[in-house]
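Asker: Structure incoming, see below.
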Amino acid sequence: MPQKPIAAPATDHPLTNALTVDVEDYFQVSAMAPHIDRASWDSRPCRVERNVERLLDLFEQHDARATFFTLGWVAERYPGLIREIVARGHELASHGYGHLRASEQRPQEFRQDLLRAKGVLEDTGGCAVVGYRAPSFSIGHGNLWAFDVLLETGHRYSSSVYPVQHDHYGMPDAPRFPYDARPGLIEIPVTTTRVFERNLPAGGGGYFRLAPYALSRWALRRVNRIDRRPAIFYFHPWEIDPAQPRVAGTSLKTRFRHYVNLDKTEARLGRLLRDFHWGRVDQVFGLRAS
Ligand SMILES: [Zn+2]
């Protein structure tokens, strides 16, 4: 795949890293999909609004800005929340409409999902939406056409690749740092650190909750100091919500990954916000919409 590297922004140390939130509810998580009928989404108790509100307050306490990759489905139901994200200085970006993996859609379906999400988000937020993150980092070798569709639908960047080995996602041989996926479309992979010729996840997800915080801090510092690059880190609103309803019928592995340390994550995020400088993707990577 094209791997033209993007030059690292000239920033003074310490670097500002990009903080990102995938705005979806606990019942929309890909690992839960086999156990939850989409038709039931509307009847489930929603937690996303209060969880995002808590995140907005937490970010404000630490003077951090972030990019919110938001589902069109969420924006339709909580327009006030979307306006608040924008009003509080954060970047509104797209996580698609209905949390469908890019790899499970045909190009025409993917295009429709992207356009529907972008339309809802831009109308609600009153701002341009130029960033996209595929559910479950589902752009890989089998569907690189997705980058063409992103470009055609008016996106300027994607953060849809996690260059790690994982059973549900990952493209371990992808570039670790931003690159031109297409002329006019930059892919900004979630951050990894390189140890013994392997990419270790350093950009959040279950790893952030499951492993000790010191490991995440070590990995992010390594990227800032050794690679001299800004990191891009992600998590979900449901990860700070230990009281979320439990989904029945899931495997032990899924339960472990989803529920472990939910009660510790908010405090851990606070440490992360204190220990590093955080900003929006479009600012950190110089992609601010004109
Ligand atoms: Zn997602």
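The values are calculated or read from the model by the stated rules, or taken from the named source; none is laboratory data. The shown structure was predicted, so the numbers you read here are calculated from the model rather than taken from an experiment. Every residue, glycine among them, receives a Cβ derived from its backbone with ideal geometry; neighbour counts consider all protein chains shown.
Asker: Within segment 238-256, can one find any residue that is of a type in the set (Asp, Glu) and in contact with a Leu (Cβ under 7 Å, 6 or more places away or on another chain)?
Answerer: Narrowing segment 238-256 to residues of a type in the set (Asp, Glu): 239, 241.
When the remaining residues are screened for being in contact with a Leu (Cβ under 7 Å, 6 or more places away or on another chain), the result is 239, 241.
Yes: segment 238-256 contains one or more residues that are of a type in the set (Asp, Glu) and in contact with a Leu (Cβ under 7 Å, 6 or more places away or on another chain).
Asker: Now for a different question. Please go through (1) touching a strand residue (DSSP E or B) at 6+ places or on another chain (Cβ under 8 Å); (2) not in a helix (DSSP H, G or I) for LYS118 and return the number of the only condition it doesn't satisfy.
Answerer: With (1) touching a strand residue (DSSP E or B) at 6+ places or on another chain (Cβ under 8 Å); (2) not in a helix (DSSP H, G or I) applied to LYS118, the lone miss is (2).
Asker: Can you tell me how many residues within segment 121-139 are under 18 Å from the mean Cα position of the chain (by Cα) and in a helix (DSSP H, G or I)?
Answerer: Here the count works out to 4.
Asker: Out of GLU152, GLU122, GLU109, which single residue is closer than 25 Å to MET32 by Cα, modelled with pLDDT of 95 or more, more than 16 Å from the ligand (Cβ to nearest atom) and surrounded by fewer than 19 Cβ atoms within 10 Å (Cβ to Cβ)?
Answerer: Testing whether each residue is closer than 25 Å to MET32 by Cα, modelled with pLDDT of 95 or more, more than 16 Å from the ligand (Cβ to nearest atom) and surrounded by fewer than 19 Cβ atoms within 10 Å (Cβ to Cβ) leaves just GLU109.
Asker: Could you figure out which of (1) surrounded by 22 or more Cβ atoms within 10 Å (Cβ to Cβ); (2) in a strand (DSSP E or B); (3) out of contact with any helix residue (DSSP H, G or I) (no Cβ under 6 Å at 6 or more places or on another chain) isn't true of LEU200?
Answerer: (1)
Asker: Pick from segment 44-71 the residues that are free of Cβ contacts under 8 Å to residues at least 60 places away in the same chain and buried (at least 23 other Cβ atoms within 10 Å of the Cβ): which of them is farthest from VAL21 (Cα to Cα)?
Answerer: LEU71
Asker: Next up: For segment 223-248, enumerate the residues that are more than 16 Å from the ligand (Cβ to nearest atom) and either acidic (Asp, Glu) or under 20 Å from GLY279 (Cβ atoms) (or both).
Answerer: Those that are more than 16 Å from the ligand (Cβ to nearest atom) and either acidic (Asp, Glu) or under 20 Å from GLY279 (Cβ atoms) (or both): VAL223, ASN224, ARG225, ASP227, ARG228, ARG229, PRO230, ALA231.
Residues checked against (1) loosely packed, with under 15 Cβ neighbours inside 10 Å; (2) closer than 22 Å to GLY131 by Cα; (3) of a type in the set (Phe, Trp, Tyr):
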{"site": "ARG222", "(1), (2), (3)": "no, no, no"}
{"site": "ILE240", "(1), (2), (3)": "no, no, no"}
{"site": "THR250", "(1), (2), (3)": "no, no, no"}
{"site": "ARG255", "(1), (2), (3)": "yes, no, no"}
{"site": "TYR259", "(1), (2), (3)": "no, no, yes"}
{"site": "LEU262", "(1), (2), (3)": "no, no, no"}
{"site": "GLN283", "(1), (2), (3)": "no, yes, no"}
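Asker: Identify all residues within segment 155-169 that are within 16 Å of the ligand (Cβ to nearest atom) and either at pLDDT 95 or above or crowded, with 24+ Cβ neighbours inside 10 Å (or both); write none if there are none.
Answerer: Within segment 155-169, SER158, SER159, SER160, VAL161, TYR162 meet the criteria.
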